[in-house]
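None of the figures in this text is laboratory data; all of them are computed from the coordinates on show. The shown structure was predicted, so the numbers you read here are calculated from the model rather than taken from an experiment.
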Amino acid sequence: LSQQIQFLRAIDQLKLVNRKSYIADGSRRENSAEHSWHVSMAALVLTDCAPDGLDQSKLIRMLLLHDVIEAYAGDTNMYDSTARITQVQREARAAEDLFGLLPDGQRESFHRLWREFE
């Protein structure tokens with residue numbers, strides 16, 4: 001339990017990672033936590049548009065895990081050519097460190113889903 005709490009505390013940092021995209025009303029940039037929540041909700045709401053046989057539960061787990069490493073690696077803007085040079089290495093290291101906080105079974109499961117999304 002302490003490892004899982006440590007992980008949850010670490011991913012709380014997603015709320016501090018501002019992305020380059022703005023929220024719908026244009027008033028401010030969204031943070032990575034908001035982005036993860038919103039894209040996961042979109043998958044849930046638009047499930048009727050998905051192809052037959054789609055594992056919605058797995059999709060939502062993958063979406064929630066996809067950007068979680070930004071808690072350690074930050075967000076890399078697709079137009080930032082300098083940051084993109086080191087993106088793969090920074091994100092792989094962040095995934096190792098972040099998922100390494102979890103107990104073995106969850107560590108492996110979460111890391112596998114994260115890599116599958118990539």
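Between VAL68, VAL88, VAL45, where does the largest GNM mean-square fluctuation fall for the chain, given springs only between Cα atoms within less than 10 Å?
Per the Cα network of the chain with a 10 Å cutoff, VAL45 tops the list.
Whole-Å semi-axes of the chain's equivalent ellipsoid, largest first, each the root of 5 times a Cα gyration tensor eigenvalue? Before the final figure, lay out the partial values.
Working: eigenvalues 93, 87, 43 Å².
Sorted largest first and rounded, they come to 22, 21, 15 Å.
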